[in-house]
Amino acid sequence: MRRAFTLIELLVVIAIIAILAAILMPVFAQAKASAMAVQCMSNERNLGTASQLYLSDYDDHFVPAAYGTDTGFFIWHDLLDPYVKNKQVWVCPGSKVKQTDTTGQLTTHFGYNAYYTTTMAVDFSNANGQTTFAATEFTSPAESVLFSTAKSSVPQSWCGDDGKYILPPSLDDTDCWGRPELTFADGATIYWVDGHSKRLKLGQFYAGQTPVDKFFDRE
């Protein structure tokens, strides 16, 4: 005759399963976060590659921050899209920023260092009259931010919660401009002018620097 499990034996098995689940769940969560971090950096690198291709097509000058036409308004990531043809690279898995802007259009989780790569005014008053700088005008491209994961610098901004244009540390918070978003391991995912990527904490590239805009300006 087959022997049945006793209540004590069943409780022991359940306890063992619960202990294993408690041990494994954080491991699974960490693995998922690591995968998202890798994908985030990969997407940003694709944007960076698109930027490098744009530079080669436009006499080494960076993409404009934005400009308007009779039919619409084009943002820097719209201008880079023909080089990647995949709008999913605009987003960072794990970002808390919505994937759509206030118009319902797909937005980006990365902020562009438009203040130093272009002459775009913070209030966008010269959107159609801005000029752009050449990559060769950055004397330390390996220490100059081009893109960073970003979020709006102003809560409930009329532009939405994204930070398409990342403010250098020296500027005050303002609508439609962003600050670095710390997405993984308390770090922001950054793409640099020279083409490399890195994840850094705020104190390593943004806060407490001398000069203030050390990793953003063209010096």
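The values are calculated or read from the model by the stated rules, or taken from the named source; none is laboratory data. Remember, predicted model here, so these are calculated numbers, not experimental data. Because the Cβ atoms are built from the backbone with ideal geometry, glycine has one as well, and the counts that use them run over all protein chains shown.
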### Summary
Per the list (1) out of contact with any His (no Cβ under 9 Å at 6 or more places or on another chain); (2) within 22 Å of Lys198 (Cβ to Cβ); (3) surrounded by 14 or more Cβ atoms within 10 Å (Cβ to Cβ); (4) modelled with pLDDT of 75 or more, residue check on Ala66 breaks on (2)
### Task
Determine which single condition Ile75 fails, assuming it passes every other condition in (1) in contact with a strand residue (DSSP E or B) (Cβ under 9 Å, 6 or more places away or on another chain); (2) at pLDDT 75 or above; (3) surrounded by fewer than 19 Cβ atoms within 10 Å (Cβ to Cβ).
(3)
### In the range 94-107, residue modelled with the highest pLDDT [restricted to those that are closer than 18 Å to Gly72 by Cα and in a loop (DSSP other than H, G, I, E, B)]
Thr107
## Note on the structure
Residues of the range 77-90 being closer than 10 Å to Ala50 by Cβ and either under 14 Å from the mean Cα position of the chain (by Cα) or part of a helix (DSSP H, G or I) (or both), in sequence order, are His77, Leu79, Leu80, Asp81, Pro82, Tyr83, Val84, Val89
### Query
Within the range 43-76, how many residues turn out to be under 22 Å from Glu137 (Cβ atoms), part of a helix (DSSP H, G or I) and either in contact (Cβ under 8 Å) with a residue 12 or more places away in the chain or among the polar types (S, T, N, Q) (or both)?
11
### Message
Testing Thr132 on (1) closer than 16 Å to Ile75 by Cα; (2) surrounded by 14 or more Cβ atoms within 10 Å (Cβ to Cβ); (3) modelled with pLDDT under 95; (4) not aromatic (Phe, Trp, Tyr), one condition comes back false. Which one is that?
### Response
(3)
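For every residue, the table says whether it meets (1) under 18 Å from Ser42 (Cα atoms); (2) under 17 Å from the mean Cα position of the chain (by Cα); (3) not in a loop (DSSP other than H, G, I, E, B).
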{"residue": "Cys92", "(1), (2), (3)": "yes, yes, no"}
{"residue": "Asp123", "(1), (2), (3)": "no, no, no"}
{"residue": "Gly129", "(1), (2), (3)": "no, no, no"}
{"residue": "Thr136", "(1), (2), (3)": "no, no, yes"}
{"residue": "Thr139", "(1), (2), (3)": "no, no, no"}
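Hey, any hits in the range 159-166 for a residue that's under 18 Å from the mean Cα position of the chain (by Cα), on the phi < 0 side of the Ramachandran plot, surrounded by fewer than 22 Cβ atoms within 10 Å (Cβ to Cβ) and among the acidic types (Asp, Glu)?
Quick first cut of the range 159-166, residues under 18 Å from the mean Cα position of the chain (by Cα) only: 159-166.
Checking the rest, the ones that are also on the phi < 0 side of the Ramachandran plot come to 159, 161-166.
Okay, now just the ones that are also surrounded by fewer than 22 Cβ atoms within 10 Å (Cβ to Cβ), so 159, 161.
Going one step further and asking which of them are among the acidic types (Asp, Glu), we end up with 161.
For the range 159-166, residues under 18 Å from the mean Cα position of the chain (by Cα), on the phi < 0 side of the Ramachandran plot, surrounded by fewer than 22 Cβ atoms within 10 Å (Cβ to Cβ) and among the acidic types (Asp, Glu): present.
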